[in-house]
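The values are calculated or read from the model by the stated rules, or taken from the named source; none is laboratory data. Quick caveat: nothing in here was measured; it's all calculated off a predicted structure. Cβ atoms come from the backbone with ideal geometry, glycine included; neighbour counts cover every protein chain shown.
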Amino acid sequence: MKLVFLIGDAAVGKMTVGQELMKITDLRLFHNHMTIEPVLEVFGRWDWNTIRELRDVVFRNFAASENDGMIYTMMWAFDEPEDRAFLEHVKSIFAPYGTEFYYVELIAPQEIRLQRNVSENRLRHKASKREIENSNRRLIEDDRNHRFVSREGEIPFENYLRIDNSEKEPEEVAKLIKETFHL
């Protein structure tokens, strides 16, 4: 089993790169909004406990499956200890199955991410982003209130790759990930 964590700020391209990586590997994509959107639809608001519980069910059942591996997208606020704890929690679910872990951090400046925030693919898969003004405001506020880009050496794991995908197409980034980690 393999687990690729695609880490990055809002609208950096995690889901899109994950979609492309899934096309060229035997890995399955589980992007973070696959649990966020249904909970928003049912509850009419963010309910983080329900989102976490749904994710845990998927992680546990997937880890025990015969699948080759998963690509999981997440924002990691490096100034929030609970984000690191969540990543370690996910790893603890997969570890008993001999899982190999990979970490890919995507980075791009805010102006590029604001452009990507309105892409057709993003809006198709993430209903909560369709209110563009609110979505842009949240992106800017998150940037102001948290740090979603790691510092040199802050991600201590083996199998770590940092990619500035500002000027790279998602297919190119996916190919680089596949080749670097021999996925």
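Residues that are over 18 Å from the mean Cα position of the chain (by Cα) and among the charged types (D, E, K, R) within the range 32-59 comprise E41, R45, D47, listed in sequence order. Counting only residues that are under 26 Å from R84 (Cβ atoms) and under 16 Å from the mean Cα position of the chain (by Cα), which one in the range 105-121 is modelled with the lowest pLDDT? Result: N117. A11 meets each of the listed conditions (1) on the phi > 0 side of the Ramachandran plot; (2) modelled with pLDDT of 95 or more; (3) aliphatic (A, V, I, L, M) apart from (2). The residues of the range 134-174 that are closer than 16 Å to W76 by Cβ and among the hydroxyl-bearing types (S, T, Y), listed by number, are S150, Y160.
Taking the range 138-165 as the region of interest, how many residues are polar (S, T, N, Q) and out of contact with any Phe, Trp or Tyr (no Cβ under 7 Å at 6 or more places or on another chain)? Outline the logic, then answer.
Here is the first cut: in the range 138-165, the residues polar (S, T, N, Q) are 145, 150, 159, 165.
Okay, now just the ones that are also out of contact with any Phe, Trp or Tyr (no Cβ under 7 Å at 6 or more places or on another chain), so 145, 165.
The number of residues fulfilling the criteria is 2.
Given the criterion at pLDDT below 95 and farther than 19 Å from H125 by Cβ, identify the matching residue among R45, R60.
Working: R60 fails: at pLDDT below 95.
So the residue among R45, R60 that is at pLDDT below 95 and farther than 19 Å from H125 by Cβ is R45.
A search for C-beta distances below 6 Å between a residue of the range 110-122 that is outside any loop (DSSP other than H, G, I, E, B) and any residue that is at pLDDT below 80, counting only pairs 6+ apart in sequence or on different chains, returns R122/K129.
Just name the residue that is surrounded by the most Cβ atoms within 10 Å (Cβ to Cβ) out of those in the range 108-165 that are among the β-branched types (V, I, T) and more than 29 Å from R45 (Cα to Cα). Even if it seems obvious, please write down each step before you answer.
Going residue by residue through the range 108-165, those that are among the β-branched types (V, I, T) are 112, 118, 132, 140, 149, 155, 163.
With the extra rule that they be more than 29 Å from R45 (Cα to Cα), the set shrinks to 155, 163.
Working: I155: 18, I163: 21.
By that ranking, first place goes to I163.
Taken together, the residues in the range 16-31 that are closer than 16 Å to E120 by Cα, surrounded by fewer than 24 Cβ atoms within 10 Å (Cβ to Cβ) and either at pLDDT below 95 or under 12 Å from the mean Cα position of the chain (by Cα) (or both) amount to 1.
I want to confirm something. Restricting to the range 37-55 and keeping residues that are of a type in the set (A, V, I, L, M, F, W, C) and in contact with a helix residue (DSSP H, G or I) (Cβ under 6 Å, 6 or more places away or on another chain), which single residue is farthest from Q110 (Cα to Cα)? Reasoning before the result, please.
Pass one, the range 37-55, residues of a type in the set (A, V, I, L, M, F, W, C): 39-40, 42-43, 46, 48, 51, 54.
Filter once more, keeping what is in contact with a helix residue (DSSP H, G or I) (Cβ under 6 Å, 6 or more places away or on another chain): 39-40, 51, 54.
On the way: V39: 27, L40: 25, I51: 26, L54: 30 Å.
Residue satisfying both the conditions and the ranking: L54.
If we scan the range 74-95, do we find a residue that is surrounded by 12 or more Cβ atoms within 10 Å (Cβ to Cβ), within 20 Å of E20 (Cα to Cα) and under 17 Å from the mean Cα position of the chain (by Cα)? Yes, the conditions are met somewhere in the range 74-95.
Can you report the number of residues in the range 138-182 which are basic (K, R), assigned to a helix (DSSP H, G or I) and either within 22 Å of T25 (Cα to Cα) or free of Cβ contacts under 8 Å to residues at least 24 places away in the same chain (or both)?
3
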